[in-house]
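Here, each number is a calculation from the coordinates, and none is a lab measurement. In this text, all values refer to a predicted model and were calculated from it rather than measured experimentally. So basically every Cβ, Gly included, is an ideal-geometry build from the backbone, and we count neighbours across all protein chains shown.
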Amino acid sequence: MTPPLVVAIDGPAGAGKGTLAKRLAAHYGLAHLDTGLLYRAVGRALLDAGLPLEDADAAHAAALSLDLGSLSSERLRDRGAGEAASIVSAYPAVRAALLDQQRCFAARAGGAVLDGRDIGTVVCPDASVKIYVVASAEERARRRHAELAQAGEAASFADILADILKRDERDMNRASAPLKPADDAVILDTTALDPDAAFAKACAIVDAVAADRAPGP
Ligand code: DC
């Protein structure tokens, strides 16, 4: 029997992974997990408790008590939570505490799409399809700026671009599960693509793999 389809989507902040992952999940009838929300929830827990983000033990404790079912708050999507997530996600104990939950999610019978930074490299090294989504830093900042403006959060383009560059630097250069494409990932550059065009390209990548996996006559 063909194993369930597992799609791993990785890439830097603002590259369009989230939108793509959601649409792929709906299109192929798969469950979707935005793994950035897990790290955002840990960062947010520390901020809300008034604890410094440098407190790796508190971050570990927050990660251990995290419940995947309680990740829907809008406050997890704001800039503060994103920045905090980028800091606490560098702690190896935090990453280890969140690994099993992500792997369990990926192993569900109906298949899954997970998006994040280390899905293809660490969480699901055996994923059926791995897509590494990139876009120029300026284009990613432009998208994030528009998104935040729509959510009513005022921030200058320059500040957002600086945030993105800082996050890239942190996410790509940490020792534990740094952001990088898996050797067998397909690179999808969305700089010049609108969401529909990016989705069409991603579907072509998934369809090619699905055709290969289909049992023969
Ligand atoms: O995708 P996002 O912007 O919601 O992620 C927020 C931060 O969480 C990101 O800067 C790094 C971290 N993260 C991670 O280290 N590993 C993941 N699989 C997902 C997110």
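Overview of values
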| quantity | calculated |
| --- | --- |
| All helices (runs of 4 or more DSSP H) inside the stretch 1-97 with 3 or more residues being away from the ligand (no atom under 16 Å from the Cβ) and under 27 Å from Val134 (Cα atoms) | 17-28 |
| Single residue of the stretch 108-139 satisfying the filter (among the aliphatic types (A, V, I, L, M), outside any strand (DSSP E or B) and near the ligand (Cβ under 10 Å from one of its atoms)) that is surrounded by the fewest Cβ atoms within 10 Å (Cβ to Cβ) | Val122 |
| Number of the exception - Gly152 against (1) over 28 Å from Pro92 (Cα atoms); (2) touching an Asp or Glu at 6+ places or on another chain (Cβ under 7 Å) | (2) |
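Matching residues to (1) polar (S, T, N, Q); (2) over 15 Å from Gly11 (Cβ atoms); (3) assigned to a helix (DSSP H, G or I):
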residue: Ile187; (1), (2), (3): no, no, no
residue: Thr191; (1), (2), (3): yes, no, no
residue: Phe199; (1), (2), (3): no, no, yes
residue: Val206; (1), (2), (3): no, yes, yes
